[in-house]
Amino acid sequence: MASGSKIEREKITLKHMFKIYCKGKGHGPTICTDCSELLTYSLRRLDKCPHGNKKGSCKDCITHCYKEPERTKIRKVMGYAGPRMMFRHPAMVIGHIRDGKWKSQ
Ligand code: SF4
Ligand SMILES: [Zn+2]
């Protein structure tokens, strides 16, 4: 299980989820430009999250710092990659469950 802050752990998870999504959707052998841009946007949101390491699930956040259309796009990524994470990175998912953050989208 990765160590470090919750924000840093979420960033690592996010990167894995984007890899799963991009590859699974057949965008190419490496992460495509669109996914890369959305990933960068999402990582910046995490860096600037006003809740810091006390944040809960973004899905349930009342602050909703994602703007459209990124918000809709990230939901698609989470919805696709979330269930697949359980099979590919179970330790990571268990860590997020322990943090009280893992929720299927
Ligand atoms: S949606 Fe909420 S919890 Fe997620 S990064 Fe934005 S402010 Fe933080
Ligand atoms: Zn892609």
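The values are calculated or read from the model by the stated rules, or taken from the named source; none is laboratory data. Predicted model only: the values in this text are computed from it and were never measured. Here the Cβ is made from the backbone with ideal geometry for all residues, glycine too, and neighbour counts use every protein chain on show. Calculation scope for accessible area: heavy atoms of the full protein, side chains included, ligands and nucleic acids excluded. Shrake-Rupley method; radii C 1.70, N 1.55, O 1.52, S 1.80 Å.
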Q) If you scan the range 37-95, which residues turn out to be more than 8 Å from ligand 1 (Cβ to nearest atom), farther than 17 Å from K15 by Cα and open to solvent by less than 30 Å² (accessible area, probe 1.4 Å)? A) G52
Q) Is there any pair linking a residue in the range 31-51 that is outside any helix (DSSP H, G or I) to one that is within 13 Å of ligand 2 (Cβ to nearest atom) and among the hydrophobic types (A, V, I, L, M, F, W, C), with Cβ under 9 Å and at least six apart or on different chains, and which? A) I31/F18; I31/C22; I31/L39; C32/C22
Q: Filter the range 15-30 down to residues that are touching a Phe, Trp or Tyr at 6+ places or on another chain (Cβ under 8 Å) and in a helix (DSSP H, G or I), then give me how many there are.
A: 3
Q) Looking at the range 26-36, which of its residues are in contact with a helix residue (DSSP H, G or I) (Cβ under 7 Å, 6 or more places away or on another chain) and open to solvent by 80 Å² or more (accessible area, probe 1.4 Å)? A) H27
Q: From I7, I12, grab the single residue that is outside any loop (DSSP other than H, G, I, E, B), closer than 19 Å to I94 by Cβ, aliphatic (A, V, I, L, M) and out of contact with any helix residue (DSSP H, G or I) (no Cβ under 7 Å at 6 or more places or on another chain).
A: I12
(Q) I want to confirm something. Restricting to the range 1-35 and keeping residues that are of a type in the set (S, T, Y) and within 25 Å of H51 (Cβ to Cβ), which single residue is farthest from the chain's Cα centre (by Cα)? (A) S3
